[in-house]
Every structure is written in C-alpha cells, then in structure tokens.
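Pasting in a structure now, in structure tokens, and then I'll have a few things to ask.
The values are calculated or read from the model by the stated rules, or taken from the named source; none is laboratory data. Note that the structure is a prediction, hence the values are computed from the model and not measured. Don't worry about glycine lacking a Cβ; one is built from the backbone with ideal geometry, like all the others, and counts go over all protein chains shown. Note: accessible area is taken over every heavy atom of the protein model, side chains too, but ligands, DNA and RNA are not part of it. Shrake-Rupley method; radii C 1.70, N 1.55, O 1.52, S 1.80 Å.
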Amino acid sequence: DTYKVGPGDEFFINYAVNDIAFSNYIVISKLYDIIIPNLGMINLKNLTLNESYNKISNVFMEKYTNAKIDITLTDIRKFYINIYGTNSGPSKILTNPLERVSDIYEKIIIKINIKEDKNLTYRNVILKRDYQNMSIDLLEFKRLGTGVNPYLLEGDNLYLTNYKKYFDIYGGINNPGRYEYKEGESLIDFIDICGGFIDLVN
C-alpha cells in the first residue's frame, strides 16, 4: 500500500482466456506505461503497488469477465540520488524504493574519509523532494522510533553538513556523551533521546 511503482519495475503477468494464453515479464516504461497483449496500454503513474494490481485486474475483468489474471512484482527499479555537503563522500548513491534515508546514510559513512567528515550530521539531514525540504533526525528515529525516515524516490536529493554545535551530557542518564545540537529541541526531549534518566532504585 505504500510502495509507489515507477519506470524499471518489472511485473510477471499470467492469464489464459478464450484460447489466448499470455505469460511473460513486463517492465514499466519511462512514461509509467505497461503494454499487455490483448489488453493494451495501461498507465500506472503515481499508483502504489496495490493500486497497480487493482487497475490491471479491473482492465482485464472489463474485457474478460469470469476469467483470472495473476500479477506479481518480480524486480524493483534502481536509481541514483544526489548527495551534497560532505567533504569526502560520494556525490551519488545507487538505491531503490525499498531503502530509507538511514540506509543511504550508512552507505555514505562507509565511503567518507573520517578525518575530513568527522562531525557529519546525523540529526539535521535534509531531504529535498519536489521542491520541498524535509528535516530528518536519524538519531531520534533510531532511539525513539519517532520522526521521519522516508523511503527514497527518483529525484530525491540528500543534503548533509559537518555540524559545529553540540551538547556534552553526563551523569544520571543511560547514554552519556557528545551529541549534535538540534534547533528548537527541549532539554527533556534531548534527555529522552539520550536514553532517559538512570533508574537509581535498582
């Protein structure tokens, strides 16, 4: 229900009706079209995987009542997203719609020179999509499961930076240490991300 299909995704489609049998792989074109023999062209732009299955099935049922068509996704598309803001990291990363921003971040970390990007942001990542900027705090998502960590789409651009503002926090909390500063964050929210207070009773 959330996977958006796109150019390069591959379906396997199988049906048999009225002495007509079809069983083959079909790839979505750059214009989001698929062409199925005896059914014609079907456009799948902006549709989820589930919506695509339903649209293909409905077109089939309009032409062939009392018949069945089998559809499955057999291969997912791959595409590059642009990476900006690192001193030593890659400018592009190959990805797919099943990967999130956190997955790309891990790929970047493997490739950077730690001396040049030793303070690479983890809490102020910017994803630019369709002229809109999305602020992503990967530490919050990892520690608390809140915030956003979206799946990637074609045309996405990821903006990173080396942070200069940070907190040092020690004492009665579960995860002391140095943390990147995030604009507008309250102290109690920050302590939650650090694992909360140590339970002194136990």
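For the structure I just gave you, tell me whether Gly147 is touching a Leu at 6+ places or on another chain (Cβ under 9 Å) and either open to solvent by 60 Å² or more (accessible area, probe 1.4 Å) or at positive phi (or both).
Yes.
Out of the stretch 37-68, which residues are in contact (Cβ under 8 Å) with a residue 24 or more places away in the chain, within 16 Å of Phe12 (Cα to Cα) and open to solvent by less than 20 Å² (accessible area, probe 1.4 Å)?
Within the stretch 37-68, Leu44, Ser52, Ile56, Phe60 qualify.
Looking at Asp192, Asp199, which one is farther than 30 Å from Asn96 by Cα, of a type outside the set (Gly, Ala, Ser) and either part of a strand (DSSP E or B) or open to solvent by 80 Å² or more (accessible area, probe 1.4 Å) (or both)?
Unique residue meeting the criteria: Asp199.
Moving on. Taking into account only those residues within the stretch 115-140 that are open to solvent by 50 Å² or more (accessible area, probe 1.4 Å) and out of contact with any strand residue (DSSP E or B) (no Cβ under 9 Å at 6 or more places or on another chain), which is nearest to Ile76 (Cα to Cα)?
Out of the qualifying residues, it is Asp130.
Could you check the stretch 31-44 and list, in sequence order, the residues that are part of a loop (DSSP other than H, G, I, E, B), at pLDDT below 95 and not hydrophobic (A, V, I, L, M, F, W, C)?
Answer for the stretch 31-44, where residues must be part of a loop (DSSP other than H, G, I, E, B), at pLDDT below 95 and not hydrophobic (A, V, I, L, M, F, W, C): Pro37, Asn38.
Here are some conditions: (1) at pLDDT below 95; (2) open to solvent by less than 60 Å² (accessible area, probe 1.4 Å). Asn87 meets all but one. Which one does it not meet?
With respect to (1) at pLDDT below 95; (2) open to solvent by less than 60 Å² (accessible area, probe 1.4 Å), Asn87 is out only on (2).
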